[in-house]
Structure formats: C-alpha cells, structure tokens
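Report on one structure; see the data block that follows.
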Amino acid sequence: MDEIKVFVPATVSNVACGFDIMGFPIEEPGDEMIFRKREEKEVVITHVDCNEEIPLDARKNVAGVVSRAMLEAQELPFGVEIRINKGIRPGSGIGSSGASSAGAAWAVNRLLGDVFGEKELVSFAMLGEQSISGALHADNVAPALLGGFILIPGYDPLELVRLHFPSDLYCTIFHPQVEIRTKDAREILKKEISLRDAVHQWGNVAGLVAGLMQEDYALIARSMEDVVAEPVRSLLIPSFDALKREATAAGALGCSISGSGPALFALSRGRETAEQVRSAMEKVYEDKEIGWKSYVSAIAGEGVKILS
Ligand code: HSE
C-alpha cells in the first residue's frame, strides 16, 4: 500500500467528570487526511485546508510530529507526504488536534504494514497532543482511533477499556464560534483540589461508568457533573449557564463542556430528545453576534475509517 485516505471523527473528551480519562467519537464532523509514501525519507505536509493557521512544518504540525516519531521508531523505511482537510475547527473542544494525531498514527501504521498495536498507536498519537497542549492525554486520540466509549484507567502503564453504553444514547454538540486553546484551558485549572471535591468527582466517574454499563439513565444523569474543570473553564464560554440550563430543561440527561471547550455536549436518551436539546441550545444564541455550529450524533462505534 502506497497511499491511503482516511476519515477521522471528532471526539467528546472528559465527558463531564472524567477529566483526561474518558471520551467517545461522534459521527460528524471529522478530518479527511491523505498519506502517501515517498522515497525521500522525510515527512512533508503539502496541504492543510483550514481557515485557521495550522503549520505546514512537519515538526510543528501534530500529524507531522506523530508520523515522524513512528517512522523513526522503524528506522525510516520511507518518507510520507500528508494532505489534510480539516473538518474539525481547531480550538473547538471536539478533538481537532486529537483527530489529526490519531489519523496520522492509524494511517502511517497501515503504510508500515500494521507493525504497531493499539496501545502503541495511542501512545504515538498522544505525542501530537503533547506537542500542542503540553500534556500527554489520550481522551481524544484513543476514542478517535478505537471508536466507542473509551475509559483510560491509567497512563503509566497506558490502559484502555472499551465501555458498554446504551445504544439509544445520543449526543448533541453546540459549538460557539470562539476559539479556546487546550493549552490555555489547562493552564487556568487549579493545580490542587480539596478532598471533598475529589470524593465528589470520583463518585461521579464511578457512577457514570456503572450507569453506562447498566444502562441506568437516571444514574448517568446524576453522574454527569464536573466539580473540577467546569467551574473554571465555563467562565470562558459565552452564556454557558443558559446553554446548560436550556439543554437540561429540554430533556438532556446532562450537559457539560466538551474537552477543553468552547463546545458543549449533552447526552440524551433517543435522537428525538437530542434534537430538541439542539433547538433549545440554538435558541440561547438566537440574538447573539457569536456564530455557532451544532450537531446531533450517536456515539460512533467506529473510529478512523478508510475512505480509499
Ligand atoms: N482532557 C483534555 C482537557 C481534553 O480537558 O484538557 C482536551 O481536548
């Protein structure tokens, strides 16, 4: 195989209480990426189709960082040319850098003949995230690579668990068109939390995992609460409280920040409710000058897909 084109889905990470340890992909939007082998043993990025400034320099681009690391680990058998069509806006909170990193890990592995296993791919993809946010986190790249609801119980060593989830769980995304860089959204977090908040948060994580596995919607709803990151990060999102309030009033089980924001996500039982939640959130922005995008999606069971 000399060339591969892939679709990489956007992802919701943290899922309210699971900071850095939980995430799932949605059906749209996503990035399309083309990877082609080249004889010159270098990674080059020849095209990035995006309104935002994304570096073409392979040492600064997350897909380039991941591809270079993988090829170097295999003693540079060839080089790779990368073309990227960004369907996911950078700084959106739905895993833009995670998608480009995961797409690179997945596609370069195919070009190499599938030499790396799942955990190795996630570890390589995390290098892309680290290069842009300063932190090694897998809660976007792991679900983008593997599909489904992914739990990361530990990083050292890396552990990945596919969680069961109810098939009629739907996700609404509401993305105000302001940019928040993950690096900045991490820097404003408190470095320490109280024992009281820790107990609250790990109770919620345990409750959410149990709720998903037992298909207990009431437990899912009670557990979708974040007392660690949301109180600080929500201040950066215009009308966050109103969006959350309206989403819940329209029937969402819960609503919180997707990843590091500014997008919000809500989970609902059934597509119809998720659509009502979408309309209720859109109404909040009706008279605002800030633009927005919204999506309703099932939790995607599949991660990266081959297009050709
Ligand atoms: N867990 C990460 C964070 C996700 O919240 O900073 C960033 O997309």
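Every number here is computed from the coordinates shown, using simple stated rules; none is lab data. Quick caveat: nothing in here was measured; it's all calculated off a predicted structure. Note that each Cβ is placed from the backbone with ideal geometry, even for glycine, and that neighbours are counted across all protein chains shown.
General remarks:
- Residues (of a type outside the set (D, E), in a helix (DSSP H, G or I) and either buried (at least 20 other Cβ atoms within 10 Å of the Cβ) or more than 21 Å from the chain's Cα centre (by Cα) (or both)) located in segment 222-234: R222, S223, R233
- Hits in segment 22-44 - residues which are closer than 29 Å to S258 by Cα, among the aliphatic types (A, V, I, L, M) and surrounded by fewer than 21 Cβ atoms within 10 Å (Cβ to Cβ): I34
- Residue within segment 206-213 that is touching a residue at least 12 places away in the same chain (Cβ under 8 Å), out of contact with any Ser or Thr (no Cβ under 9 Å at 6 or more places or on another chain), within 16 Å of the ligand (Cβ to nearest atom) and within 15 Å of A16 (Cα to Cα) present: no
- Residue ID - nearest to P9 (Cα to Cα), chosen from residues in segment 117-151 that are away from the ligand (no atom under 16 Å from the Cβ) and assigned to a loop (DSSP other than H, G, I, E, B): G147
- Some residue of segment 152-167 being under 30 Å from Q276 (Cα atoms), within 16 Å of the ligand (Cβ to nearest atom) and either part of a strand (DSSP E or B) or in contact (Cβ under 8 Å) with a residue 60 or more places away in the chain (or both): no
- Considering residues of segment 228-242 that are hydrophobic (A, V, I, L, M, F, W, C) and without any contact (Cβ under 8 Å) to a residue 60 or more places away in the chain only, the residue farthest from the ligand (Cβ to nearest atom): A242
- Only listed residue being surrounded by 14 or more Cβ atoms within 10 Å (Cβ to Cβ), part of a helix (DSSP H, G or I), more than 16 Å from the ligand (Cβ to nearest atom) and basic (K, R), chosen from R186, R196, R245: R245
- Index of the failed condition, V209 passing every other in (1) part of a strand (DSSP E or B); (2) crowded, with 20+ Cβ neighbours inside 10 Å; (3) not hydroxyl-bearing (S, T, Y): (1)
- Test: residue in segment 85-108 that is touching a Phe, Trp or Tyr at 6+ places or on another chain (Cβ under 6 Å), more than 11 Å from the ligand (Cβ to nearest atom), of a type in the set (A, V, I, L, M, F, W, C) and in contact (Cβ under 8 Å) with a residue 40 or more places away in the chain: yes
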